[in-house]
1. With θ set to phi - 60°, apply the Karplus curve 6.51 cos²θ - 1.76 cosθ + 1.60 along the stretch 77-93 and write out the HN-Hα couplings as whole Hz, x wherever there is a Gly or Pro.
2. State to the nearest 20 debye the size of the charge dipole of the chain about its Cα centre, where the only charges are +1 on K and R beta carbons and -1 on D and E beta carbons.
3. In the neighborhood of Gly221, defined by Cβ-to-Cβ distances under 13 Å, what is the net charge if each Lys or Arg adds +1 and each Asp or Glu adds -1?
4. HN-Hα J couplings of the stretch 141-146 from phi, Karplus 6.51/-1.76/1.60, θ = phi - 60°, integer Hz, Gly and Pro as x?
5. Please compute the modelled spin-label separation between Gln20 and Asp44, points set 7 Å along Cα→Cβ, answer in nm with one decimal.
6. Would you mind checking the stretch 189-232 for residues with the amide N under 14 Å from a putative spin-label position 7 Å along Cα→C-beta of Ala158?
7. Quick one: what are the phi-derived ³J(HN,Hα) couplings along the stretch 114-130, Karplus 6.51/-1.76/1.60 with θ = phi - 60°, whole Hz, x for glycine and proline?
8. Could you tell me what percent of the accessible area of the stretch 1-152 is made up of carbon and sulfur, with a 1.4 Å probe and every protein chain present?
Amino acid sequence: MADQQARLSWRDGSIPVSDQFDDPYFSIHDGLAETEHVFLDGNDLPGRFAAAVEAGEDFHIAELGFGTGLNLLAAWRAWETAQAEHDTAGVLHFTSFEAFPMATDDMARALEAFPEVAPWAARFLAVWRGAGLCDLGNVRVNVITGDARVSLPDWTGAANAWFLDGFSPAKNPELWQDDLLAAVAGHTRAGGTAATYTAAGFVRRGLEAAGFEVTRTPGFGRKRHMTKARLR
């Protein structure tokens, strides 16, 4: 995969579809609800965020596939909710690996479909420059562009939770290979977690081989199953 801008088409005028992978960026039924079910609940983030902010600790999420930034906005909203409930400070670090970054105008157009996170989208898009570091105060974003198979092993960070959100394994198998999943495990803190919308057998086996305890759980919408994992 080359480091280049995403090429996309629009379904029903509001759902971006990757031309590179012939796959939509989020569920055609409700992308935000999908994110909350798969990535936030799949990593037990509401409770873990509450525990972290109550203890005055930072939290680190890492992600394969930044896309529209919707996952970031959903996590940021949940983090600020936890902070407001406990009246404490703290920083959510969010590192994402993206081979085909989306143009900012396209990102803004896609996010218009989710008025629930419009305040966070506006704050993000006001300072976003397309890649790299983005300081949002209580959230520090770093989008690392290029092939994750190259950039992730060289990354010096470690995450409390992973969002495995590449395009479908059938269409984007490079982002689900065993060596990349092993790199995910190698950059996960003790007791850290990962979640993904896919329940493909080879993905679950790859996570298990990398050292995760893997659970298949009910998926979102029409998807029967998804995958949750905790580092052993």
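1. 4, 5, 5, 5, 4, 5, 5, 5, 5, 10, 6, 10, 9, x, 10, 9, 8
2. On the way: 20 positive and 31 negative charges, 110 e Å.
Dipole magnitude for the chain comes out near 520 debye.
3. Values: positive: Arg222, Lys223, Arg224; negative: Asp30, Glu34, Glu36.
Within the 13 Å Cβ shell, the charges total 0.
4. Each residue's phi maps through the Karplus curve to give 9, 9, 9, 9, 8, x Hz.
5. 3.4 nm
6. Counting only backbone N, you get 189-193, 231-232.
7. Rounded to whole hertz, the list is 10, x, 4, 10, 4, x, 6, 4, 5, 5, 5, 5, 5, 10, 6, 10, x.
8. Numbers: 2980 of 6160 Å².
After summing per-atom areas, the C and S share lands at 48 percent.
The values are calculated or read from the model by the stated rules, or taken from the named source; none is laboratory data. Here the structure is a predicted model, which is why all the values come from computation and not from measurement. Note that each Cβ is placed from the backbone with ideal geometry, even for glycine, and that neighbours are counted across all protein chains shown. Protein only, heavy atoms only, side chains kept; ligands, DNA and RNA dropped before computing areas. Shrake-Rupley method; radii C 1.70, N 1.55, O 1.52, S 1.80 Å.
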